[in-house]
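These notes are about the structure you will find just below.
The values are calculated or read from the model by the stated rules, or taken from the named source; none is laboratory data. As the structure is a computational prediction, the values presented were derived from the model and not from experiment. Don't worry about glycine lacking a Cβ; one is built from the backbone with ideal geometry, like all the others, and counts go over all protein chains shown.
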Amino acid sequence: MHDSFKALMPLIIPQGVSDYFEMTHYTQEAGRLDIFLEEMNVIPEE
């Protein structure tokens, strides 16, 4: 994955989501961007 795309992720994905999910890959088609996330094994703090 390109570093420039990683830099844009905080602008695309809502705040806090990246604490529990990581992007595995993405696909780009005409006028469409699909982002695939995988849940990390992290227990939320209370």
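Being at pLDDT below 85 and assigned to a loop (DSSP other than H, G, I, E, B): is that true of PRO44 here? Walk me through how you get there before you give the answer.
Values: at pLDDT below 85: yes; assigned to a loop (DSSP other than H, G, I, E, B): yes.
Yes: the conditions hold for PRO44.
Restricting to segment 1-41, and then to whatever is part of a loop (DSSP other than H, G, I, E, B) and surrounded by 11 or more Cβ atoms within 10 Å (Cβ to Cβ), can you tell me which residue is modelled with the highest pLDDT? Please lay out each step first, then the result.
So in segment 1-41, the residues part of a loop (DSSP other than H, G, I, E, B) come out as 1-2, 13-16, 20, 30-31, 40-41.
Filter again for surrounded by 11 or more Cβ atoms within 10 Å (Cβ to Cβ), leaving 13, 20.
Numbers: ILE13: 84, TYR20: 88.
It comes out as TYR20.
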